[in-house]
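Bear in mind these aren't lab numbers, they're just calculated from the coordinates by the rules spelled out. None of these values were measured; they are calculated from a predicted model. Methodologically, a virtual Cβ is constructed for each residue, glycine included, from the backbone with ideal geometry; neighbour enumeration extends over all protein chains shown.
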Amino acid sequence: MLRRKKIKIGKKYIQGYLIPLQKNVCIVLRGSNGYVMCGYLDIRTANKSRECAVRISGVTTFEEALNARAESVSRAAESRGVKKNQRIREILPRIV
């Protein structure tokens, strides 16, 4: 069953979504200006639609997602100063 969690970033909030699959989970952290997505989703699609997206992998909880590093970032995310290997907690203020 889908789990949602409101996550405070500074004075604002992002919405976290965790979808249990057969053997893993799909996690998305959605802000008003972009999102962090798990490895199931494709950064090329985010680039085609010009969305601010950050891809992470190997996480199964919201806490792990917040402590992960960016595996890849879309061009729109790069234009907001987001860099590959940057910690997600550092990135979130740029997309909230």
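Things worth noting here:
- A single entry from 96, 73 fulfils the requirement of being farther than 26 Å from residue 1 by Cα and surrounded by 13 or more Cβ atoms within 10 Å (Cβ to Cβ): 73.
- Residues of region 8-46 that turn out to be in a loop (DSSP other than H, G, I, E, B) and within 14 Å of residue 71 (Cβ to Cβ), as a count: 5
- Per-region count, region 60-72, residues assigned to a loop (DSSP other than H, G, I, E, B), within 18 Å of residue 14 (Cα to Cα) and not hydroxyl-bearing (Ser, Thr, Tyr): 2
- The set of residues in region 73-96 that are in contact (Cβ under 8 Å) with a residue 60 or more places away in the chain, of a type in the set (A, V, I, L, M) and in a helix (DSSP H, G or I) comprises 92, 95.
- For region 48-59, the set of residues classified as outside any loop (DSSP other than H, G, I, E, B) and surrounded by fewer than 16 Cβ atoms within 10 Å (Cβ to Cβ) consists of 48 only.
The rows are residues; the columns are (1) free of Cβ contacts under 8 Å to residues at least 12 places away in the same chain; (2) of a type in the set (A, V, I, L, M, F, W, C); (3) touching a helix residue (DSSP H, G or I) at 6+ places or on another chain (Cβ under 8 Å); (4) farther than 18 Å from residue 90 by Cα.
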site: 2; (1), (2), (3), (4): no, yes, no, yes
site: 9; (1), (2), (3), (4): no, yes, yes, no
site: 17; (1), (2), (3), (4): no, no, no, yes
site: 53; (1), (2), (3), (4): no, yes, yes, no
